[in-house]
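Engineer: Let me begin by handing over the structure; questions about it come next.
The values are calculated or read from the model by the stated rules, or taken from the named source; none is laboratory data. Quick caveat, the model's predicted, so the values are computed rather than measured. Quick reminder, even Gly has a Cβ in these numbers, built from the backbone with ideal geometry, and neighbours come from all protein chains shown. With ligands, DNA and RNA removed, areas are computed over all heavy atoms of the protein, side chains included. Shrake-Rupley method; radii C 1.70, N 1.55, O 1.52, S 1.80 Å.
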Amino acid sequence: MPSFFKNQKSKNNLRSQANQTSSEQTESSLKSLLLRICCLRTLPLLIGTATLFKIKSPSRLVYPLGIIVLFLSITIASNFQEHLYEGLHVARFLLHMPLFSIIPILLLIIAFLKNRKKQHR
C-alpha cells in the first residue's frame, strides 16, 4: 500500500478521535452548564421566593417555579438567533440600563434626601 494512503488513513483516524474528543467535551460542558444553572440560579430563586412569601419549606415551591421557568424559557425566544438578539439588543436597554444606572442613581438620591432630612432634625 502506498504511503499516501497510509497517511490518509492516519489522518482520518486522528480526525475521528478529535471528533470523539470534542463531542465528549461538549457533553461535559453541557453537564457543567446544567449543574451551574441548577445550583446558581434555581436554588437561590427557591430560597428567595420562600423567604419573600414566608414559606417554611422551599421544597414546596420546586414544581410551581419549575413550571414557570419552563414556560418562560419556551416563550421568551423561539430560536437561538432570537435569543441572541434579545440578549444583546433588547435586554441592554430594557434590563441593563435601568438596573445598573437608573435605579442606583434614584436610590442614591433617595438616600441623600433621607439623610438630609435627618440632619435637619
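Engineer: In debye to the nearest 20, how big a dipole does segment 31-103 give about its Cα centre with +1 on each Lys and Arg Cβ and -1 on each Asp and Glu Cβ?
Structural biologist: 400
Engineer: Leaving out ligands and nucleic acids, note down the accessible area per residue over segment 47-110 with a 1.4 angstrom probe, in whole Å².
Structural biologist: With the other protein chains kept in place, segment 47-110 gives 87 Å² per residue.
Engineer: Sticking with this structure for a sec: How many percent of Cα pairs in segment 63-121 exceed 16 Å?
Structural biologist: That fraction is 65 percent.
Engineer: If you don't mind, there's one more thing I want to ask. Say the dipole of segment 64-121 comes from +1 at the beta carbon of Lys and Arg and -1 at that of Asp and Glu; which of Leu108, Leu65, Ile76 then lies farthest toward its positive end?
Structural biologist: In segment 64-121, that residue is Leu108.
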